[in-house]
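Asks: Provided herewith is a single structure, encoded as structure tokens, for subsequent inquiry.
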Amino acid sequence: MARYFNEPSRTFGEYLLIPGYSSAECVPDNVSLKTPIVKYKKGETPSLSMNIPLTSAVMQSVSDDKMAIALAKEGGISFIFGSQAIESQAQMVSRVKNYRAGFVISDSNVSPEDTLADVLNLKNKTGHSTIAVTTDGTSDGKLVGLVTSRDYRVSRMAPTTKVETFMTPFESLVWADANTTLKEANDIIWDNKLNCLPLVDADQRLVYLVFRKDYDSSKKNENELIDDKKRYVVGAGINTRDYKTRVPALIEAGADVLCIDSSEGFSEWQKRTLEYIRAEYGDSVKVGAGNIVDKEGFLFLAEAGADFVKVGIGGGAICITREQKGIGRGQATAVMEVAKARDEYFEKTGVYVPICSDGGIVHDYHITLALAMGADFLMLGRYFARFDESPTNKVNINGSYMKEYWGEGSARAKNWQRYDLGGGEKLSFEEGVDSFVPYAGRLKDNVALSLSKVRSTMCNCGVLTIPDLQKDAKITLVSSTSIVEGGAHDVVLKENKQYI
């Protein structure tokens with residue numbers, strides 16, 4: 001008969017942390033959330049660490065260059081999705097590495113031949129009231145004007161009115177050269193009482209927009225994650241099919257770390273991919289692998305050369321792998337077993353291979369639990385999909401704003417490479433769904449709130465670092481009755497609140 005595990009497969013929601021002694025020094029401001037993302041030898045410093053233990057998932061609906069910039073500002077890393085053409089993924093990576101704080105690449109653009117209806121649709125889609133008008137309607141086309149809400153009145157204009165008839169033409173704009181510094185740009189904005197200053201090159205092609213409202217963004221974020229050239233750190237997803245062409249392109253574009261994106265990583269395909277990278281680049285290219293859910297899977301990938309190992313199968317909010325295939329494991333159980341294997345591997349070899357918990361996060365406190373159970377950092381999809389910076393549309397559903405969110409195994413994404421088992425180049429059946437998640441606003445605000453809870457909980461446990469949390473935390477299994485007791489009960493709430 002099959003090998004049978006006596007203990008049930010458990011989720012984060014089945015556990016609580018027990019408080020520890022908190023000294024006077026144990027206050028949230030003193031908590032460090034710095035954590036390694038790639039392997040290192042005992043006594044050495046990791047070549048790449050994060051200032052917060054959060055990464056955004058390798059998904060079309062989550063991680064593009066805009067998300068990568070926003071998360072790097074907060075100290076984390078985005079893994080730009082790989083289910084796209086190699087060229088377009090490399091361009092996203094390049095945009096992150098070339099980003100200048102305070103300088104925005106326009107993502108709301110129309111051509112002069114577009115109509116008022118197009119402007120309104122774009123404004124509804126992006127929420128942006130300032131729209132660049134370029135000859136070809138692209139973000140880097142020749143700038144011929146700007147459209148703001150002051151340039152049109154919906155009640156007095158036909159939807160078919162051409163943009164060229166109501167835009168503010170280039171000749172009437174205050175603009176600056178593309179090489180203008182942020183300080184100079186802000187001085188021009190304030191001196192001319194502008195809300196937006198376009199920066200163009202010698203051919204009048206749009207390069208950046210600088211906004212008055214982004215003035216404060218020029219101030220350094222103490223947690224921002226930058227490389228030795230003061231560029232934002234960015235990751236990228238790869239697959240086990242076209243890695244021989246995708247990896248060189250991503251490295252050339254400047255990717256700091258790669259991740260093999262697969263629903264199941266205990267495979268020869270991942271070993272071949274890792275072997276190719278090590279043969280071509282040695283240890284200079286950092287690459288994580290996964291996903292796995294047990295000791296055997298971890299050891300396989302660690303010995304194959306993975307810089308970190310991703311844990312989790314079937315626990316994502318949009319993942320239906322367990323339902324479709326009966327494959328997976330409760331995320332808490334998986335993380336604890338793999339963390340134990342990682343520690344044993346470290347003792348045996350002197351090499352510490354970080355693990356990433358991917359999936360199963362429903363509430364903010366689950367982040368702290370995952371770290372306490374041994375995860376070095378987490379990868380989140382649904383969490384980040386809710387924010388302004390995710391690449392999906394914001395839509396109004398029954399009076400509430402939502403963001404679109406779909407899985408890589410859904411018919412919409414058609415990312416067959418992620419579920420590749422060496423057969424035909426197709427997605428035979430869905431392992432993900434197409435859905436909506438409640439819109440939550442800016443990444444910065446939400447991440448700050450979530451991590452304030454993590455820091456506070458760590459202080460309750462009497463620790464100031466993630467390694468100390470892993471070493472000293474006390475965890476208890478809770479009953480179903482205890483779970484009910486933990487929330488509001490036996491009262492009538494004044495208002496309904498949604499806790500994410």
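The values are calculated or read from the model by the stated rules, or taken from the named source; none is laboratory data. Computed from a predicted structure; not experimentally measured. Because the Cβ atoms are built from the backbone with ideal geometry, glycine has one as well, and the counts that use them run over all protein chains shown. Accessible surface areas use protein heavy atoms only, side chains included; no ligands, DNA or RNA. Shrake-Rupley method; radii C 1.70, N 1.55, O 1.52, S 1.80 Å.
Asks: Residue 212 versus (1) open to solvent by less than 10 Å² (accessible area, probe 1.4 Å); (2) closer than 30 Å to residue 444 by Cα; (3) more than 23 Å from the chain's Cα centre (by Cα): which is the lone unmet condition?
Replies: For residue 212, the exception is condition (1).
Asks: Only one of these is modelled with pLDDT of 80 or more, within 29 Å of residue 36 (Cβ to Cβ), assigned to a loop (DSSP other than H, G, I, E, B) and open to solvent by 30 Å² or more (accessible area, probe 1.4 Å): 464, 493, 449. Name it.
Replies: 464
Asks: Would you be able to tell me the number of residues in the stretch 51-82 that are buried (at least 24 other Cβ atoms within 10 Å of the Cβ), charged (D, E, K, R) and not in a loop (DSSP other than H, G, I, E, B)?
Replies: Final tally of qualifying residues: 1.
Asks: Would you check if residue 335 is under 24 Å from the mean Cα position of the chain (by Cα) and under 21 Å from residue 274 (Cα atoms)?
Replies: On the way: under 24 Å from the mean Cα position of the chain (by Cα): yes; under 21 Å from residue 274 (Cα atoms): no.
It is false that residue 335 is under 24 Å from the mean Cα position of the chain (by Cα) and under 21 Å from residue 274 (Cα atoms).
Asks: Taking the stretch 193-202 as the search range and keeping residues that are touching a strand residue (DSSP E or B) at 6+ places or on another chain (Cβ under 7 Å) and in a loop (DSSP other than H, G, I, E, B), which one is nearest to residue 181 (Cα to Cα)?
Replies: Here the answer is 201.
Asks: Moving to a separate point now. Filter the stretch 121-161 for residues that are assigned to a loop (DSSP other than H, G, I, E, B), touching a strand residue (DSSP E or B) at 6+ places or on another chain (Cβ under 6 Å) and open to solvent by 70 Å² or more (accessible area, probe 1.4 Å) and give the result.
Replies: Matches in the stretch 121-161: 135, 140, 160.
Asks: Next question. Looking for something farther than 25 Å from residue 341 by Cα, in contact (Cβ under 8 Å) with a residue 24 or more places away in the chain and open to solvent by 40 Å² or more (accessible area, probe 1.4 Å) - is there at least one such residue anywhere in the stretch 289-305?
Replies: no
Asks: Which condition breaks for residue 364 when tested against (1) modelled with pLDDT under 95; (2) open to solvent by less than 20 Å² (accessible area, probe 1.4 Å); (3) under 23 Å from residue 35 (Cβ atoms)?
Replies: Here residue 364 meets the rest and fails (1).
Asks: Among the numbered criteria (1) part of a helix (DSSP H, G or I); (2) within 25 Å of residue 382 (Cα to Cα), which one does residue 315 miss?
Replies: Tallying (1) part of a helix (DSSP H, G or I); (2) within 25 Å of residue 382 (Cα to Cα), residue 315 fails exactly one: (1).
Asks: All but one of (1) β-branched (Val, Ile, Thr); (2) buried (at least 19 other Cβ atoms within 10 Å of the Cβ); (3) in a helix (DSSP H, G or I) hold for residue 484; which doesn't?
Replies: Condition (2) is where residue 484 drops out.
Asks: Out of the stretch 1-17, which residues are open to solvent by 50 Å² or more (accessible area, probe 1.4 Å), among the hydroxyl-bearing types (Ser, Thr, Tyr) and either closer than 19 Å to residue 479 by Cβ or touching a helix residue (DSSP H, G or I) at 6+ places or on another chain (Cβ under 6 Å) (or both)?
Replies: Listed by number, the residues that qualify are 9, 11.
Asks: Is there a residue in the stretch 232-243 that is more than 30 Å from residue 269 (Cβ to Cβ), at pLDDT 95 or above and aliphatic (A, V, I, L, M)?
Replies: no
Asks: Is it the case that some residue within the stretch 385-399 is of a type outside the set (Gly, Ala, Ser), part of a helix (DSSP H, G or I) and open to solvent by 30 Å² or more (accessible area, probe 1.4 Å)?
Replies: No, that holds for no residue.
Asks: Given (1) buried (at least 18 other Cβ atoms within 10 Å of the Cβ); (2) out of contact with any Pro (no Cβ under 7 Å at 6 or more places or on another chain), where does residue 322 come up short, assuming only one miss?
Replies: (1)
Residue-by-condition table, conditions (1) in a loop (DSSP other than H, G, I, E, B); (2) touching a strand residue (DSSP E or B) at 6+ places or on another chain (Cβ under 8 Å); (3) hydrophobic (A, V, I, L, M, F, W, C); (4) surrounded by 14 or more Cβ atoms within 10 Å (Cβ to Cβ):
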| residue | (1), (2), (3), (4) |
| --- | --- |
| 222 | yes, no, no, no |
| 228 | yes, no, no, no |
| 236 | no, yes, yes, yes |
| 240 | yes, yes, no, yes |
| 245 | no, no, no, no |
| 248 | no, no, no, yes |
| 252 | no, no, no, no |
| 255 | yes, yes, yes, yes |
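Asks: Note down all Cβ pairs under 6 Å where the first residue falls in the stretch 347-360 and is assigned to a helix (DSSP H, G or I), the second is small (Gly, Ala, Ser), and they're at least six residues apart or on different chains.
Replies: none
Asks: Can you tell me which of (1) under 26 Å from residue 357 (Cβ atoms); (2) of a type outside the set (S, T, N, Q); (3) open to solvent by 40 Å² or more (accessible area, probe 1.4 Å) is the one residue 21 doesn't meet?
Replies: In the conditions (1) under 26 Å from residue 357 (Cβ atoms); (2) of a type outside the set (S, T, N, Q); (3) open to solvent by 40 Å² or more (accessible area, probe 1.4 Å), residue 21 misses (1) alone.
Asks: Report yes if some residue within the stretch 95-103 is closer than 30 Å to residue 258 by Cβ and either among the small types (Gly, Ala, Ser) or part of a strand (DSSP E or B) (or both); otherwise report no.
Replies: Yes, the stretch 95-103 contains a residue that is closer than 30 Å to residue 258 by Cβ and either among the small types (Gly, Ala, Ser) or part of a strand (DSSP E or B) (or both).
Asks: Please work out if residue 94 is more than 30 Å from residue 349 (Cβ to Cβ), in contact with a Gly (Cβ under 7 Å, 6 or more places away or on another chain) and either among the aliphatic types (A, V, I, L, M) or open to solvent by 30 Å² or more (accessible area, probe 1.4 Å) (or both).
Replies: Details: more than 30 Å from residue 349 (Cβ to Cβ): yes; in contact with a Gly (Cβ under 7 Å, 6 or more places away or on another chain): yes; either among the aliphatic types (A, V, I, L, M) or open to solvent by 30 Å² or more (accessible area, probe 1.4 Å) (or both): yes.
Spelling it out, residue 94 is indeed more than 30 Å from residue 349 (Cβ to Cβ), in contact with a Gly (Cβ under 7 Å, 6 or more places away or on another chain) and either among the aliphatic types (A, V, I, L, M) or open to solvent by 30 Å² or more (accessible area, probe 1.4 Å) (or both).
Asks: Residues of the stretch 145-182 being touching a residue at least 24 places away in the same chain (Cβ under 8 Å) and of a type in the set (Lys, Arg), which ones?
Replies: Of everything in the stretch 145-182, just one residue is touching a residue at least 24 places away in the same chain (Cβ under 8 Å) and of a type in the set (Lys, Arg), namely 162.
Asks: Follow-up question, since we're still on this one. Tell me whether the stretch 164-175 contains one or more residues that are in a loop (DSSP other than H, G, I, E, B) and acidic (Asp, Glu).
Replies: no
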